[in-house]
Amino acid sequence: MFSSLHNRNYRLFAAGQVVSNTGTWMQRLAQDWLVLKLTGSAMALGITTGLQFLPMLLFGLWGGAVADRCRKRRLLIATQAAMGLLAAVLAVLDLAGVVDVWHVWLLALGLGFATAIDNPARQTFVVEMVGRRDLPNAISLNSANFQLARITGPAAAGLLIAAIGTGWVFALNALSYVAVILGLLAMRERELAPAEPVKREPGQLREALRYVRARPDLLAVFALVGFVGTFGFNFAVTLGGFANQVFHAGPGAFGLLNTVFALGSLAGALLAARRGRSRMRMLVGAAFGFGMLSVAAALMPGYWSFALALVPIGIAGITFNTAANATVQLGVDAALRGRVMGLYMLVFMGGTPLGGPLIGWIAEAYGPRAALLFGGGVSAAAAVAVALILARHSGVKVRVRVRPHPALQVVDRTPVQPRDPVAA
């Protein structure tokens, strides 16, 4: 489960990510609270989220091209320093009492631009640290790291906001990037296997698009990631509606639903770390299971049954995410890995500004149950469609065979003593 941690460079990277991811989740909660305190508007909060994700939608592929052209470790030091500087500016403005909502929006947009470059560089840097053999394990451990921070970060932020205010939370997040930068600087460069930087030439973005278009296996992964990411992963929209409108519970119950979902995701990431390879059938099966489990959860009658249903949804969702990431990274040429992963993150995260409002509208018009049913149904249907297309493309015939139930046999394993011919 933890084989990648035998690699010293990856240990440094993972340790820095534990600190940085926790700080990032702390800032997310503090930033949302600050916007609500400044404006009292949910729309202003939505604008903040949209501005933070918009650069990934518009410039994600370009960020992948930058990752291909640069040494990943140096590029990550630059992007992490930029993110830390943006958090520090917001901390200073807040602590000085001069912060306005447009400051938050501008800094959120800047963070989005830094993320558009950092994300593909960080994703593709993992294989340079651990190699192809341990890549699926390292991707799963990265997901576990992220989910652990998702549990601890908001909880810590809630306590810190009440005790010392949002400004100091932003300052702590700015300091958390120092841990990542120090870890990157302390790595042994001779133990890395960096891809040779690609020279800047015209048409490199179109080259990546042509490469993916010519690969049916990659197109299948991108299609699944697009549908599931856009319509399925909208729990930030649906969980609040279930807690408030369906079960008429308070903020504590809403927080518990998020924690339970994160615990399921953490368990799924650790289980994924035990697997050595990611197969296409696992990817399709996880997407289908995620969709059907979401449909089942939407029909749960009570709060506790719904909360328990979130655990397997989290497991299936993270299994899908890690399998998709590893399948893409292991299936592309090293010279194109940054651009292809930039496109991957564009498809995965870029659908959020499109799917989130649609799921929110369905939840508002027809209720949270309908929204979760729709998202889960689209995810399951996409998995079935991709499976049928892959089967047709590869010439595989789909056949259902019913096997008999296994029989239970009790075998006496007591050693048989040889018969004594005299006694006989």
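The values are calculated or read from the model by the stated rules, or taken from the named source; none is laboratory data. In this text the structure is predicted, and so the values were computed from the model without any measurement. FYI the Cβ positions are ideal-geometry reconstructions off the backbone, even for glycines, and counts take in every protein chain you see.
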**Report entry** Set 283, 271: member being surrounded by fewer than 17 Cβ atoms within 10 Å (Cβ to Cβ), assigned to a helix (DSSP H, G or I) and not hydroxyl-bearing (Ser, Thr, Tyr)
**Finding:** 271
Report task. Using the structure shown, decide if residue 347 is in a helix (DSSP H, G or I) and either charged (D, E, K, R) or modelled with pLDDT of 85 or more (or both). Result -> no
Report task. Have a look at 238, 152 and point out the one that is surrounded by fewer than 21 Cβ atoms within 10 Å (Cβ to Cβ), among the β-branched types (Val, Ile, Thr), under 26 Å from the mean Cα position of the chain (by Cα) and not in a loop (DSSP other than H, G, I, E, B). Result -> 152
Query raised in the report: For residues in the stretch 286-326 being assigned to a loop (DSSP other than H, G, I, E, B) and of a type in the set (A, V, I, L, M, F, W, C), which is nearest to residue 374 (Cα to Cα)?
Result: 299
Query raised in the report: Checking residue 132 against (1) of a type outside the set (A, V, I, L, M); (2) under 28 Å from residue 341 (Cβ atoms); (3) surrounded by 19 or more Cβ atoms within 10 Å (Cβ to Cβ), which test does it fail?
Result: (3)
Query raised in the report: Between residues in the stretch 31-56 that are in the same structural domain as residue 116 (by TED's automatic domain parsing) and residues that are acidic (Asp, Glu) and at pLDDT 80 or above, which pairs lie under 9 Å by C-beta distance while being six or more apart or on different chains?
Result: 34/94; 38/100
Query raised in the report: Which is on the phi < 0 side of the Ramachandran plot, crowded, with 19+ Cβ neighbours inside 10 Å and in contact with a Pro (Cβ under 9 Å, 6 or more places away or on another chain), of 259, 322?
Result: 322
Query raised in the report: Quick one: in the stretch 179-229, which of the residues that are β-branched (Val, Ile, Thr) and modelled with pLDDT of 80 or more is surrounded by the fewest Cβ atoms within 10 Å (Cβ to Cβ)?
Result: 181
**Report entry** Of the criteria (1) of a type in the set (Gly, Ala, Ser); (2) in the same structural domain as residue 126 (by TED's automatic domain parsing); (3) modelled with pLDDT under 85, which one residue 176 fails
**Finding:** (3)
Report task. Pick out the one residue from 280, 341 that is within 22 Å of residue 137 (Cβ to Cβ) and under 18 Å from the mean Cα position of the chain (by Cα). Result -> 341
Query raised in the report: Restricted to the stretch 1-23, and to residues that are farther than 17 Å from residue 149 by Cβ and small (Gly, Ala, Ser), which residue is surrounded by the most Cβ atoms within 10 Å (Cβ to Cβ)?
Result: 4
Report summary line: Going through the stretch 156-166 in order, the residues found to be surrounded by fewer than 20 Cβ atoms within 10 Å (Cβ to Cβ) and touching a residue at least 12 places away in the same chain (Cβ under 8 Å) are 156, 158, 160, 161, 165
Query raised in the report: For the stretch 300-314, how many residues meet the condition of being closer than 16 Å to residue 380 by Cα and either of a type in the set (Phe, Trp, Tyr) or modelled with pLDDT of 90 or more (or both)?
Result: 2
Query - Answer residue from the stretch 70-116, given it is not hydrophobic (A, V, I, L, M, F, W, C) and not in a helix (DSSP H, G or I) and is modelled with the highest pLDDT among those - result: 100
**Report entry** Any pair with Cβ under 6 angstrom, 6 or more apart, that starts in the stretch 96-125 at a residue that is in contact (Cβ under 8 Å) with a residue 24 or more places away in the chain and ends at one that is charged (D, E, K, R) and assigned to a helix (DSSP H, G or I)
**Finding:** 121/72; 124/337; 125/72
Report task. Can you give me the number of residues within the stretch 360-381 that are β-branched (Val, Ile, Thr) and within 16 Å of residue 236 (Cβ to Cβ)? Result -> 1
Report task. Sort out which residues of the stretch 88-111 are surrounded by fewer than 22 Cβ atoms within 10 Å (Cβ to Cβ) and more than 18 Å from residue 168 (Cα to Cα), and write them in order of number. Result -> 102, 105, 106, 109, 110
Requested in this report: Name the one entry in 132, 150, 206 that is out of contact with any Pro (no Cβ under 7 Å at 6 or more places or on another chain) and outside the structural domain of residue 63 (by TED's automatic domain parsing).
Outcome: 206
Report task. Name the residue, out of 210, 274, 190, 206, that is within 20 Å of residue 138 (Cα to Cα) and free of Cβ contacts under 8 Å to residues at least 40 places away in the same chain. Result -> 190
Report summary line: Residue count, the stretch 195-220, condition out of contact with any helix residue (DSSP H, G or I) (no Cβ under 6 Å at 6 or more places or on another chain), in a helix (DSSP H, G or I) and over 17 Å from residue 67 (Cα atoms), comes to 4
Report summary line: Just one listed residue, out of 230, 238, 259, is within 29 Å of residue 317 (Cα to Cα) and in contact with a Gly (Cβ under 7 Å, 6 or more places away or on another chain), and it is 230
